[in-house]
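In what follows, a structure is listed as structure tokens, so that the remarks can point back to it.
Quick note: the coordinates plus some simple rules give every number you see, no bench work behind them. Note that this is a predicted model, so its numbers are computed, not measured. Cβ: placed from backbone, ideal geometry, glycine included. Neighbour counts: every protein chain shown.
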Amino acid sequence: MNYQYQIDADRCKGCGLCVAVCPKKVLELSQTNNSKGYFPAYRAREEDCVLCGTCCIMCPDVAITITPIDNASAEK
Ligand code: SF4
Ligand code: SF4
């Protein structure tokens, strides 16, 4: 099973909670602001992400989603 990891930059308010809790130090806040003027989180070290879901659980704005990708249906 593969997973798609996504941060909705325009939902993010740049609080940094996800950055603080990530056990692999994957996340950082962007230098570029989003449409609301906040600096959103992004996976600066994507290759280190273990898809543990801690950042998703912590985010008060539900800006982070990890979605299973159904390979079987994708191949049909
Ligand atoms: S899923 Fe886990 S390892 Fe990946 S960015 Fe979120 S907290 Fe870090
Ligand atoms: S916890 Fe959510 S709102 Fe806060 S910086 Fe991370 S993605 Fe953005």
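A helix-only calculation puts the chain at -4000 deg cm²/dmol for mean residue ellipticity at 222 nm, using -39500 (n - 2.57) for each DSSP H run of at least four residues, averaged over all residues. Our estimate of slack between C15 and I69, defined as 0.36 nm per intervening residue step minus the Cα-Cα distance, is 16.6 nm. The residues S35, S30, when put in order of fewest to most other Cβ atoms within 10 Å, stand as S35, S30.
For the peptides 39-45, 54-60, the ranking by packing is 39-45, 54-60, with the highest mean count of neighbouring Cβ atoms within 10 Å listed first.
Database note for the chain: Cys without another Cys beta carbon under 4.7 angstrom, C12, C15, C22, C49, C52, C56, C59. Here the residues I7, I66, ranked from fewest to most Cβ neighbours within 10 Å of their Cβ, fall in the order I66, I7. Considering every alpha-carbon pair of the chain, the percent of pairs per 5 Å bin, from zero through the bin containing the longest distance, is 3, 17, 26, 23, 15, 8, 6, 3, 0.
What is the sum of charges around K13, taking Lys and Arg as +1, Asp and Glu as -1, for the other residues whose C-beta is under 15 Å from the C-beta of K13? Here the charged neighbours net out to -1.
Between V62 and K25, what's the calculated FRET efficiency when r is the beta-carbon distance and R0 is 25 Å? Round to 0.05.
0.65
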